[in-house]
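A.B. asks: Let me give you the structure first, and then I'll get to my questions.
The values are calculated or read from the model by the stated rules, or taken from the named source; none is laboratory data. This one's a predicted model, so the numbers in the text were calculated from it and none came from an experiment. Note that we place each Cβ from the backbone using ideal geometry, even for glycine, and neighbour counts take in every protein chain shown.
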Amino acid sequence: MRLLITFALSIFIFLSCTDTSTSPEEEGLKKPSDLVLQQLDNSSILLLWEDESDNETGFEIDRKVDINAWEFNYQIVGEGATGYLDTNLTVFGEYQYRISSYNSFEESEFIESSIQFRDQDTLAAPSNLVLHQIEDLSIILSWNDNSSAEEGFCIDRKIGDNAWEENFQILDANSSMFIDEDLIEIEDYTYRVKAFIGDEFSDSIEGEIYFYYNDVEIITLEVAQNNSISKTLIATLYDENMNLVVRDYK
């Protein structure tokens, strides 16, 4: 009986002294997060992600171009990495990437994202934006179309200190002019013009103009006078508070 008790006590002491905790290398790997893809130019894509583990050996990157098969372990980057630059690209189309962390015990789940890799010359930003007030109620915008395959142009507008009016006007491809009509606010008018394909936009070009009413305006209108004979308004004068002072017809 004493021998049995001594044996059981020895086993208890052995188990108590044995370190059963899990080493960092044996802890479960977490997959990276927040994968962002960005085209930098016509030959490279930048991959950025968040490292959620502290026990990985590195990261494995798979890649798929358009309808081609996945390239498994296309690139392997080291411990603690949070980015990779894929360079020397020559094929335009959809690029898909999968990233997982790994160590000698396991591989995490992967995070995946895709990007349309385009010839950026087909979606170049417009240039030489010129703003000019015409008559008393309109501003004309003109610019150079530098894209070769845009679906159209998007115009944003901002009046004074007000918020931007996003997508104020959408124009067809190859447009290079727009007239903003029936303006009534005497203010600074700021415009942004950019080309687009689908939901992708070029860089924008921006311009600003101060819009005001001319002291003298020349317009033609029907006047209910002398048997409805057509009259021409030759002068409309306003004071500094834009109150009507004089109107003269001929």
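A.B. asks: In the stretch 76-116, what residues are assigned to a loop (DSSP other than H, G, I, E, B) and of a type in the set (Asp, Glu)?
C.D. replies: Once the filter is applied, which keeps residues that are assigned to a loop (DSSP other than H, G, I, E, B) and of a type in the set (Asp, Glu), the stretch 76-116 yields 79, 106, 109.
A.B. asks: In the stretch 167-216, which residues are closer than 30 Å to residue 93 by Cα and polar (S, T, N, Q)?
C.D. replies: If the condition is that a residue be closer than 30 Å to residue 93 by Cα and polar (S, T, N, Q), then 167, 169, 174, 175, 176, 202, 204 are the ones that fit.
A.B. asks: Evaluate the following for residue 29: is it in contact (Cβ under 8 Å) with a residue 60 or more places away in the chain, outside any strand (DSSP E or B) and either touching a His at 6+ places or on another chain (Cβ under 9 Å) or surrounded by 11 or more Cβ atoms within 10 Å (Cβ to Cβ) (or both)?
C.D. replies: So residue 29 fits the description; yes.
A.B. asks: What do you reckon, is residue 129 outside the structural domain of residue 49 (by TED's automatic domain parsing), touching a strand residue (DSSP E or B) at 6+ places or on another chain (Cβ under 7 Å) and farther than 30 Å from residue 60 by Cα?
C.D. replies: yes
Here's the yes/no breakdown for (1) surrounded by 12 or more Cβ atoms within 10 Å (Cβ to Cβ); (2) of a type outside the set (Asp, Glu); (3) under 16 Å from residue 28 (Cα atoms):
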| site | (1), (2), (3) |
| --- | --- |
| 72 | no, yes, no |
| 79 | yes, no, yes |
| 86 | yes, no, no |
| 90 | no, yes, no |
| 94 | yes, no, no |
| 102 | yes, yes, yes |
| 112 | yes, no, no |
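A.B. asks: Also: Between residues in the stretch 135-159 that are within 14 Å of residue 206 (Cβ to Cβ) and residues that are aromatic (Phe, Trp, Tyr) and not in a strand (DSSP E or B), which pairs lie under 9 Å by C-beta distance while being six or more apart or on different chains?
C.D. replies: What qualifies is 156/164; 157/164; 158/164.
A.B. asks: For residue 69, only one of the following conditions fails: (1) at pLDDT below 95; (2) in a loop (DSSP other than H, G, I, E, B); (3) out of contact with any Lys or Arg (no Cβ under 8 Å at 6 or more places or on another chain). What is its number?
C.D. replies: Looking at each condition in turn, residue 69 falls short on (1).
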